[in-house]
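Heads up: the structure comes next, in structure tokens.
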């Protein structure tokens, strides 16, 4: 069984009989969510964040009034996640930051399938809790961490790869932060939307067509 398939199965077990299905099916802080995970097109991440906290998720809050909400959460198919990580040439030496991590699938898959370390950031404390639970279930909790916080106020300089599935305006908001904080050579991979002003940093793109005929484009950049 491939890693992505094992992760889907872990999600089925994890979510069975819990309120997480309702969380993922309805809008919370991160917006509307597609049903999860029962087919080949399972979710990844998008959204925004709040202040960093390292305590258990139940003690975390997202109460700051100046939190920047970057995008609604919309699921990403696993083939797209694999293309995103492949475009960034992720391997065991990388630290993958996913801004708006949702249930943490991108960094969990990066750790499980590529041996990378990962940091997921999201505004929703319940999603952070589920991400941690899933990482424990999959067996990669020693390689990933999840932070409740506002990505626009966080230090991203540790990242060697950043993944995003936001909206064009949010990509533009983050670009100066990428310019200031990311080290030269850091990959940034964006699902469906370009990063305005980074045309000279574009390294290529890949397209993928889903089972319903929808087109996904993965844009790759290098700082």
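Where a number appears in this text, it was derived from the coordinates with a stated rule and is not lab data. Everything numeric in this text was worked out from a predicted model, so none of it was measured. A quick note on method: Cβ atoms are made from the backbone with ideal geometry, for glycine too, and the neighbour counts reach across all protein chains shown.
Here are the numbers for this structure:
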| quantity | calculated |
| --- | --- |
| Added length on full extension, which subtracts the Cα-Cα distance from 0.36 nm per residue, residue 179 to residue 209 | 7.7 nm |
| Gain in span if fully extended, residue 172 to residue 222, counting 0.36 nm per residue against the direct Cα distance | 16.4 nm |
| Using a Förster distance of 25 Å, the FRET efficiency for residue 157-residue 137 (Cβ separation, nearest 0.05) | 0.25 |
| Protection proxy ranking, peptides 120-127, 96-103, 204-211, average beta carbon neighbours within 10 Å, highest first | 96-103, 120-127, 204-211 |
| Residue order, fewest to most beta carbons within 10 Å, for 113, 89 | 89, 113 |
